[in-house]
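One structure below.
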Amino acid sequence: MKYTLKRILEKPFLHSKNNIVTQKKLNSRLEDKLQYAIRIIEYIDLGFVRCSYPDFKIIYMNQKSCNYIQKSYLKAELPSYFIGKNYIDYLPIDEKAKLIMEIENMIQKKDDSVFRHANYIIQGEETFFKIMYRPLFELNDQVKEITIIYIDVTEEMKAKNKIEKTIKMRDELFVNVSHELKTPLNVIFSTNQLIEFYLRNDLFKDNKEKVFSGVSIIKKNCYKLTKLINNIIDSSKIDCGFLKLNLSNENIVEIVEDSIQSVTEHIKSKGINIVFDTNTEEKIIACDAEKIERIILNLISNAIKFTNKDGYIFVNLIDKGNTVEISVEDTGIGIDKKNLDRIFERFHQVDKSLSRNTEGSGIGLALVKSLVEMHGGKISADSNFDKGSVFKIELPAKTVEETESTVQTKPIDNKNDMINIEFSDI
Ligand code: ADP
């Protein structure tokens, strides 16, 4: 199917029932139709350019394409400025020759159109285009004109990129999780084999210490597995909107202080010091106490993981009136700036060669961020590589009518279990 401008515009007249029209009337109707078509093209949400062929001189362009073509030009010119200019001059250097060749090919094969994809930065935003080049064949099959249509496909590309990112993240999850599952399972199996050997060969009494240590290794690795599985389940629940907060008015100072106290001995046993400071004794806010404890324990466990012996962990709580700021700071290995923005992304882990810790699934901080955001709060991180890191949480100081509280998830009954789970990978 070939198109000529004349054929397109005349078509309705030639098929009209009342076909007796004078040439003058026909011309005037044609002119009306042309004006109407131009008006549509002006307002349409597509960039539209007409070029003569083969010299690519611009005959017409609408405002949209004018904006697209000027992407990198500081001076905003009107479409009239481009009339008579060479369209090819406005293309990126590496695209020119390829496009001309593709258009020549298309005309030779008498194809309808050729498509190209491009992305330009327009007003600071990355914009993706599908660009259609369509020849306008004359009756003798000659081409004197090319129509170029810019279709903005930014939204589609963003959606596609998001899907690709999600798929990549899922793949990473399988790789990470299978490794994280396998390691503790292997430890459990081999320790179990050793204990079994002692029992079967009546060596239990002589190796009592080793057996006890083996039992404790098995327990620790069971906690590790529980943490990983809990984190995966909770992340999925958050994604599906199934994880709800059990809000009640609580003294946030007490929750934070209690969480720290419950792990102080553990931290000291690692040769690390922990200091808690606050500018208030009581601040009642609506929160889910169990989730807040989990957030604090998670941040402290990371701080321990990346802090050397004799290092410090400072936990500060500041009552700022409408908000409460809780910060967990450490004097550990720090996080390099290029990774700082990404540590809250799920499955993102800092290059393992940069951290002495080789474990972790990269779910912890993403989960912490989600839990903070579910409270209407924000979390941020700052760090000096080799000097330490600070994680700051800002929670709104709002209260709820007690009846509003949503008893949903059953909190972990045994606080020790929660600590053992959160600290299982240290
Ligand atoms: P994981 O469960 O693997 O530890 P997280 O989401 O808790 O994952 O952390 C993501 C990354 O952030 C980790 O790979 C770690 O390298 C880095 N990180 C988190 N907290 C700290 C910290 N306090 N100091 C240095 N690096 C940290």
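In the range 296-332, the qualifying residues are those that are more than 10 Å from the ligand (Cβ to nearest atom) and closer than 13 Å to residue 268 by Cα, and the one that is least open to solvent (accessible area, probe 1.4 Å) is 311.
The condition of being polar (S, T, N, Q) and surrounded by 13 or more Cβ atoms within 10 Å (Cβ to Cβ) holds for only one of 154, 166, that being 154.
Report those helices (runs of 4 or more DSSP H) wholly inside the range 60-129 carrying at least 3 residues which are under 21 Å from residue 42 (Cα atoms).
63-69, 79-82
Considering only residues that are near the ligand (Cβ under 8 Å from one of its atoms) and surrounded by fewer than 21 Cβ atoms within 10 Å (Cβ to Cβ), look in the range 335-345 and name the one that is modelled with the lowest pLDDT.
Looking at the filtered set, the residue picked out is 339.
Tell me, please, whether a residue that is surrounded by 14 or more Cβ atoms within 10 Å (Cβ to Cβ), under 18 Å from residue 363 (Cβ atoms), touching a Lys or Arg at 6+ places or on another chain (Cβ under 6 Å) and not acidic (Asp, Glu) can be found in the range 247-269. For the range 247-269, residues surrounded by 14 or more Cβ atoms within 10 Å (Cβ to Cβ), under 18 Å from residue 363 (Cβ atoms), touching a Lys or Arg at 6+ places or on another chain (Cβ under 6 Å) and not acidic (Asp, Glu): absent. Checked against (1) modelled with pLDDT of 90 or more; (2) under 25 Å from residue 236 (Cα atoms); (3) out of contact with any helix residue (DSSP H, G or I) (no Cβ under 8 Å at 6 or more places or on another chain); (4) of a type in the set (Gly, Ala, Ser), residue 366 passes all but condition (3). From the list 149, 122, the lone residue that is out of contact with any strand residue (DSSP E or B) (no Cβ under 9 Å at 6 or more places or on another chain) and more than 30 Å from residue 222 (Cα to Cα) is 122. Considering only residues that are more than 44 Å from the chain's Cα centre (by Cα) and not in a strand (DSSP E or B), which ones fall in the range 130-159? Result: 138, 139, 140, 141, 142. One residue alone among 107, 58, 121, 149 is surrounded by 15 or more Cβ atoms within 10 Å (Cβ to Cβ) and under 30 Å from residue 159 (Cβ atoms), and that residue is 149. Within the range 280-295, is there a residue that is touching a strand residue (DSSP E or B) at 6+ places or on another chain (Cβ under 9 Å) and within 9 Å of the ligand (Cβ to nearest atom)? No - not one qualifying residue is present in the range 280-295.
Meeting the requirement of 1 or more residues that are among the polar types (S, T, N, Q), the strands (runs of 3 or more DSSP E) wholly within the range 239-331 are 248-251, 273-278, 312-319, 323-330.
Cβ-Cβ distances below 6 Å connect the following pairs, each with a first residue in the range 348-377 that is of a type outside the set (Lys, Arg) and open to solvent by 30 Å² or more (accessible area, probe 1.4 Å), a second residue that is modelled with pLDDT of 95 or more and more than 6 Å from the ligand (Cβ to nearest atom), and a separation of six or more residues or different chains: 376/396. Against the list (1) of a type in the set (Gly, Ala, Ser); (2) away from the ligand (no atom under 16 Å from the Cβ); (3) surrounded by 13 or more Cβ atoms within 10 Å (Cβ to Cβ), the condition residue 241 fails is (3). Residues in the range 219-236 include none that are exposed (fewer than 11 other Cβ atoms within 10 Å of the Cβ) and either assigned to a helix (DSSP H, G or I) or at positive phi (or both).
For the range 45-55, filtered to residues that are in a strand (DSSP E or B) and either of a type in the set (Phe, Trp, Tyr) or open to solvent by 60 Å² or more (accessible area, probe 1.4 Å) (or both), the residue that is nearest to residue 150 (Cα to Cα) is 48. Would the range 125-138 turn up any residue that is among the aromatic types (Phe, Trp, Tyr), open to solvent by 60 Å² or more (accessible area, probe 1.4 Å) and modelled with pLDDT of 90 or more? No, every residue in the range 125-138 fails to be among the aromatic types (Phe, Trp, Tyr), open to solvent by 60 Å² or more (accessible area, probe 1.4 Å) and modelled with pLDDT of 90 or more. Residues in the range 370-387 that are within 28 Å of residue 179 (Cα to Cα) and within 9 Å of the ligand (Cβ to nearest atom): 381 alone.
Which pairs turn up if I take residues in the range 188-211 that are loosely packed, with under 15 Cβ neighbours inside 10 Å and look for partners that are hydroxyl-bearing (Ser, Thr, Tyr) and part of a helix (DSSP H, G or I) with beta carbon separation below 7 Å, at least 6 apart in sequence or on another chain? Close Cβ pairs (under 7 Å, with a partner that is hydroxyl-bearing (Ser, Thr, Tyr) and part of a helix (DSSP H, G or I)) amount to 204/198.
The values are calculated or read from the model by the stated rules, or taken from the named source; none is laboratory data. Here the structure is a predicted model, which means the values were calculated and not measured. We place every Cβ from the backbone using ideal geometry, glycine too, and count neighbours over all the protein chains shown. Protein only, heavy atoms only, side chains kept; ligands, DNA and RNA dropped before computing areas. Shrake-Rupley method; radii C 1.70, N 1.55, O 1.52, S 1.80 Å.
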